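Novice: Pasting a structure below so you can have a look.
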Amino acid sequence: MDQRQLEDYNKIIESLGIKYIKADNIKLAKPVTISDFHDSENTIIFIKKGEIKFGEKGEIANAGELLFIPGGFTTSITYGYGSSVTLTNEELGHRHEEFFKSDVMPSGLRSVGVDNFNYMTFEANIFDTVNFFKTLDITPFVIKSDKIAEIIAEIIIEDSGRKEGRNRVIALKSEHLAIEVIRYIIDNRLFVEQLATNSTYFKDPRLLDLFKYVKSNLGGDLSNKVLAEITNVSEDYVGQYFKMLTGMNPQDYIEYQRMQLALDLLRTTKKSIRTIGHEVGYKDTAYFCRRFKMMYGIPAGKMRRRETLMNIK
């Protein structure tokens, strides 16, 4: 790796805002296939015993390996061997406890008995605005790393212990985990072209100003006219300019950010769906609900109930 590449990778890592969402050790009650698994955050699963089949080609992550699923990516996942029940992501929310049992963390990275898995979800956003792994436009992939598996286990133990300084320790370990995933990608020369393209985020300060403005004004007017004024480019060109640097249409990016905030508000507040829709820039509640379901495959109300159930240990 040359010095310039090292500097680019360090800029990416230093810009990342890492936020822990949840983690747990689960036992599999019976095999299940989720036909459209997806989450807005990044998911990493360590297979302690059993296997996970994923993707259109039926790739397999075996015991001792980790499966990484970038935030926003939809894929098929099968937990366990043999004949399985097939559910949608939405259906799983209602029947989660039928298939997955939260379990006290056994010692060690290997396990005996029934199939079980450690999992963790986390955000890794460039300047707290753009999902880093989503910008790479990558598919789920298998990781072989005892170090990453150990970090997840440590986070689960810390989360369940409720000791003083717990949140700070989890935050530090979550940052360590994200860096180790990026190091794994670099060391194994995965997604080299995508990483090179990603560095363009740091070559135009107007784009960074735009990210910050969008994040601070998700409830307001974010039309191409407004974006053009922020970036000092023409209204006709701003969409092309944004897509050239990010690979995304600006309005698609804005909707993704609005839905991310809506999901966070559903998880962390008791605000009504109508209020949340207004806060993230949708005056028409029915339209907000349609767009939310289109993005996440589940209505906002059911998403709130699912997240509540899945966070009860």
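Novice: Run the quick spin-label model on Asn249 and Arg206: label points 7 Å from Cα toward the beta carbon, then report their separation in nm to one decimal.
Specialist: The answer from the label model is 2.2 nm.
Novice: In addition: Which shape class, rounded, prolate or oblate, goes with segment 147-229 when its Cα gyration tensor gives a ≥ b ≥ c as root eigenvalues, a/c under 1.5 marks rounded, and past that a/b bigger than b/c marks prolate?
Specialist: In terms of gyration-tensor shape, oblate.
Novice: Counting every Cα pair in segment 1-124, what percent are over 18 Å apart?
Specialist: Here the long-distance tail beyond 18 Å is 57 percent of all Cα pairs in segment 1-124.
Novice: Based on the alpha-carbon gyration tensor of the chain, what equivalent-ellipsoid semi-axes (square roots of 5 times the eigenvalues) come out, in whole Å, largest first?
Specialist: After diagonalising the Cα gyration tensor, the semi-axes are 33, 25, 18 Å.
Novice: Now for a separate question. Please go through the residue pairs Lys57/Lys215; Lys144/Lys212; Lys215/Lys270; Lys144/Lys173; Lys225/Lys270; Lys212/Lys271 and name each one whose alpha carbons sit more than 29 Å apart in this structure.
Specialist: Lys57/Lys215; Lys144/Lys212; Lys225/Lys270
Novice: Using the number of other C-beta atoms within 10 angstrom as an exposure proxy, rank Glu193, Glu65 with the fewest first.
Specialist: Lowest count first: Glu193, Glu65.
Novice: Inverting the mean 1/r over all pairs of different Cα atoms, compute the Kirkwood radius of segment 204-310 and quote it in Å.
Specialist: Kirkwood radius, segment 204-310: 14.7 Å.
Novice: With unit charges on the beta carbons (Lys and Arg positive, Asp and Glu negative) and the dipole taken about the Cα centre of the chain, which residue among Pro250, Ser83, Leu67 sits farthest to the positive side?
Specialist: Checking the options against the dipole of the chain, the answer is Ser83.
Novice: Another one. Using a 10 angstrom cutoff on alpha carbons, build the Gaussian network for the chain and name the most mobile of Gly161, Gly55, Gly247.
Specialist: So, out of Gly161, Gly55, Gly247, the one fluctuating most is Gly161.
Novice: Among Arg95, Arg304, which comes first, then next, by fewest other beta-carbon atoms within 10 Å?
Specialist: Neighbour counts put them in this order, fewest first: Arg95, Arg304.
Novice: Also, I was wondering about something else. Once fully extended, how much extra length lies between Lys215 and Ser83, figured as 0.36 nm per residue of separation less the alpha-carbon to alpha-carbon distance?
Specialist: 43.0 nm
Novice: Could you point to the residue in Gly297, Gly239, His278 farthest towards the positive end of segment 204-310's charge dipole, with +1 and -1 charges on the Cβ of Lys/Arg and Asp/Glu respectively?
Specialist: Ranked along the dipole, the leading option is Gly297.
Novice: Where the only charges are on Cβ atoms (+1 Lys, Arg; -1 Asp, Glu), what is the dipole of segment 3-196 about its Cα centre, to the nearest 20 debye?
Specialist: 460 debye
Novice: While we're looking at this one, here's another question. Counting helices only, and only those DSSP H runs with n ≥ 4, report the 222 nm mean residue ellipticity of the chain as the sum of -39,500 (n - 2.57) divided by its residues, in deg cm²/dmol to the nearest 500.
Specialist: Dividing the helical sum by the residues of the chain leaves -15000 deg cm²/dmol.
Novice: Follow-up. Can you give the translational diffusion coefficient of segment 182-260 in µm²/s, computed by Stokes-Einstein from the Kirkwood radius over Cα pairs at 4 °C and 1.567 mPa s?
Specialist: 95 µm²/s
Novice: Let me spell out the model: positive unit charges on the Cβ of Lys and Arg, negative unit charges on the Cβ of Asp and Glu, origin at the Cα centre of segment 21-89. What dipole size does that give, in debye rounded to 20?
Specialist: With only Lys, Arg, Asp and Glu charged at Cβ, the dipole is about 300 debye.
Novice: With a cut-off of 8 Å between alpha carbons and a minimum separation of six or more residues, what is the relative contact order of segment 151-286 in percent?
Specialist: Worked out over segment 151-286, it gives 17 percent.
Novice: For Lys163 and Lys101 in one chain, what is 0.36 nm times their gap in residues minus the Cα-Cα distance, to one decimal in nm?
Specialist: Using 0.36 nm per residue and subtracting the Cα-Cα distance, I get 20.0 nm.
Novice: Under a Cβ-only charge scheme (Lys and Arg +1, Asp and Glu -1), can you give me the dipole magnitude of segment 39-152 about the Cα centre, in debye to the nearest 20?
Specialist: 400 debye
Laboratory data are not the source of any read-out in this text; all were calculated from the coordinates shown. Here the structure is a predicted model, which is why all the values come from computation and not from measurement. All Cβ positions, even for glycine, are placed from backbone atoms using ideal geometry, and neighbour counts span all protein chains on display.
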